[in-house]
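Worksheet for the structure shown next.
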Amino acid sequence: MSGQADLFVGFDAPFVPREAKSPARAVKRAPAEPRSFQLDPVDYEAAARALQESGCYRVLRELQPRPVCSDRKLADDEKIGIIVDTETTGRDPTDEVIELGMVAFTFDAAGQIGDVIGIFNALREPSVPISPEAMRVHRITPEMVAGHVLDLEAVERFLEPAHLVIAHNARFDRAYCERLTGGFSAKAWACSHSEIPWVDYGFEGTKLGYLLAHCGWFHNGHRAADDCHALLEVLCHPLPGDNGSPFCLLLKTARKPRFRIWAEGSPFDRKDDLKARCYKWNDGSNGRPKSWWIEVGEEALESEINFLQEEIYRRDLEPFVERITAFERFRF
């Protein structure tokens with residue numbers, strides 16, 4: 001017991017700091033200087049790898065655009081793809097393109113991306129104001145575009161040899177590009193946003209910035225050519241397992257036809273059923289039928305027609321069906 005009692009001797013006594021007992025002995029210390037961390041630039045990548053391999057850190061590297069091999073000749077099985085991006089005055093049909101960016105690259109039949117063979121980037125002064133909302137996104141001011149004219153002949157020359165045009169929101173970009181020049185209308189289009197099941201492969205989002213960060217990079221986003229370079233690297237990035245690259249998946253999807261089904265003459269009281277099945281309404285102002293419509297793959301065509309006949313028309317009526325290839329896709 002005496003040993004245990006000794007543990008508590010002076011327990012009730014007030015605590016007096018050592019310095020307070022002997023003020024003359026107290027030493028005032030200067031605040032410690034912050035320690036600076038010096039690293040030779042040649043060791044940056046080694047440090048990044050060490051952090052990443054520890055499992056406790058995720059490292060984002062600044063994306064460096066690929067070099068341009070402008071004089072490269074195509075192999076017999078190679079084709080040319082072009083990634084396109086537009087920055088606009090806003091998102092309404094009356095808005096205009098103020099920056100056009102394109103990156104041309106080679107690819108083979110298996111979906112293997114080769115070299116960058118050309119870059120196009122140009123500003124354009126619009127005839128309508130740039131909306132504050134758009135300016136906050138791309139940070140392009142009226143002063144930056146003042147006096148700039150887009151050389152449409154140069155756009156046509158750059159575009160002419162392409163076999164496929166890719167945008168990360170093709171339904172948006174195709175409409176604006178076709179209003180610039182008819183050369184975009186004759187090309188096959190693919191959408192890297194909607195035609196690749198990113199979530200199925202572990203990606204947390206479908207915005208380009210999310211995809212790029214998942215692949216380990218960051219970049220100067222929302223400028224046309226920079227976004228094109230970023231998308232190219234994302235399309236090349238290997239998917240988990242033996243699933244190839246996102247570009248391989250995109251090529252497979254782009255080669256498959258889709259079907260636009262028009263529910264013309266559908267009863268008004270069935271509109272909620274159509275909306276619940278993701279049909280969209282077209283008011284007819286664009287020369288297309290004034291009707292509800294949906295776009296499906298070939299595997300879902302028969303079941304969708306059966307749905308209309310059994311649940312909407314309730315009779316054996318064949319709806320108007322359009323076959324949509326990559327040449328017509330994302331155009332409305």
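The values are calculated or read from the model by the stated rules, or taken from the named source; none is laboratory data. In this text the structure is predicted, and so the values were computed from the model without any measurement. Reconstructed Cβ throughout: ideal geometry from the backbone, glycine too, with neighbour counts over all protein chains shown.
Does K207 satisfy being surrounded by 16 or more Cβ atoms within 10 Å (Cβ to Cβ) and within 25 Å of R331 (Cα to Cα)?
no
Tally time: how many residues in segment 282-316 are surrounded by 12 or more Cβ atoms within 10 Å (Cβ to Cβ) and either assigned by TED's automatic domain parsing to the domain that holds E195 or within 22 Å of E195 (Cα to Cα) (or both)?
8
Give just the number: which of (1) more than 27 Å from the chain's Cα centre (by Cα); (2) in contact (Cβ under 8 Å) with a residue 40 or more places away in the chain; (3) surrounded by fewer than 12 Cβ atoms within 10 Å (Cβ to Cβ) does P319 not satisfy?
All conditions are met except number (3).
When you scan segment 37-45, do you find a residue that is in contact with a Phe, Trp or Tyr (Cβ under 7 Å, 6 or more places away or on another chain) and either at pLDDT below 90 or surrounded by 14 or more Cβ atoms within 10 Å (Cβ to Cβ) (or both), even just one?
no
Look at A188 and say whether it is assigned by TED's automatic domain parsing to the domain that holds L317, more than 17 Å from the chain's Cα centre (by Cα), small (G, A, S) and surrounded by 16 or more Cβ atoms within 10 Å (Cβ to Cβ).
No: the conditions fail for A188.
Kindly indicate which of E78, E53 is in contact with a Gly (Cβ under 8 Å, 6 or more places away or on another chain) and either over 15 Å from C228 (Cα atoms) or among the hydroxyl-bearing types (S, T, Y) (or both).
E78
Condition (residue is under 25 Å from G90 (Cβ atoms) and without any contact (Cβ under 8 Å) to a residue 60 or more places away in the chain) applied to segment 220-237: is it met by at least one residue?
Scanning segment 220-237 turns up at least one residue that is under 25 Å from G90 (Cβ atoms) and without any contact (Cβ under 8 Å) to a residue 60 or more places away in the chain.
In this structure, is S245 under 30 Å from the mean Cα position of the chain (by Cα) and either surrounded by 14 or more Cβ atoms within 10 Å (Cβ to Cβ) or over 30 Å from A109 (Cα atoms) (or both)?
Against the criterion (under 30 Å from the mean Cα position of the chain (by Cα) and either surrounded by 14 or more Cβ atoms within 10 Å (Cβ to Cβ) or over 30 Å from A109 (Cα atoms) (or both)), S245 qualifies.
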